[in-house]
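Report on one structure; see the data block that follows.
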Amino acid sequence: MSTSDQDQSVDTPIAALDGDTNGTEIDSEVEVGAELEEAEAGDRRLTPRQARRLRIVLSSVGMVAMAVVLALRIASRSSVLVVGVYGLALILCGIVIELSRNGRTRLGSWLLAVGLVAAIGSDWLLIP
């Protein structure tokens, strides 16, 4: 590379540097299209802050749902097993909220999914 090549901007299209006006329009359209694709692909991924907030909201919704189901199950059958299963699910949702606040969203996601499936499964299998 010569020094004149090094002085040129990295973002400047090659056709524009050569003085070709027809290539500039095409290259700028290609660049705009590539930037839009990158922006669209970037919008699909969550930032860490958004992931933490999403996990906290999902855990809170799960906590409210487990509390409602616990109240309904206690009204129909009062059992220590019902309180134990749904109490552990409520505690699990609280743990996931704390994990999400501390940046452990993947671990929180797995715990929330496995824990809620286990709570519902144990309700279906263990509680008559």
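Only residues in the stretch 64-91 that are within 11 Å of Ile127 (Cβ to Cβ) and touching a residue at least 12 places away in the same chain (Cβ under 8 Å) count as the first member; pair them with residues that are among the small types (Gly, Ala, Ser) and surrounded by 15 or more Cβ atoms within 10 Å (Cβ to Cβ), Cβ under 7 angstrom, at least 6 apart or cross-chain, and list the lot. These pairs meet every condition: Val85/Ala119; Val85/Ser122; Tyr86/Ala119.
Let's see how each residue does on (1) farther than 12 Å from Ser59 by Cβ; (2) out of contact with any helix residue (DSSP H, G or I) (no Cβ under 9 Å at 6 or more places or on another chain):
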| residue | (1), (2) |
| --- | --- |
| Gly103 | yes, no |
| Ala113 | no, yes |
| Leu116 | no, no |
| Ser122 | yes, no |
| Ile127 | yes, no |
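Please verify whether the stretch 48-55 includes one or more residues that are closer than 15 Å to Ile127 by Cβ, open to solvent by 80 Å² or more (accessible area, probe 1.4 Å) and free of Cβ contacts under 8 Å to residues at least 40 places away in the same chain. No, because not a single residue in the stretch 48-55 is closer than 15 Å to Ile127 by Cβ, open to solvent by 80 Å² or more (accessible area, probe 1.4 Å) and free of Cβ contacts under 8 Å to residues at least 40 places away in the same chain. Filter the stretch 70-81 down to the residues that are open to solvent by less than 50 Å² (accessible area, probe 1.4 Å) and part of a helix (DSSP H, G or I) and list them by number. Listed by number, the list holds a single entry, Leu70.
The values are calculated or read from the model by the stated rules, or taken from the named source; none is laboratory data. As the structure is a prediction and not an experimental result, all values here were calculated from the model. Cβ sites come from the backbone with ideal geometry, for glycine too, and all protein chains shown count toward neighbours. The accessibility values were calculated without ligands, DNA or RNA, using every heavy atom of the protein model including side chains. Shrake-Rupley method; radii C 1.70, N 1.55, O 1.52, S 1.80 Å.
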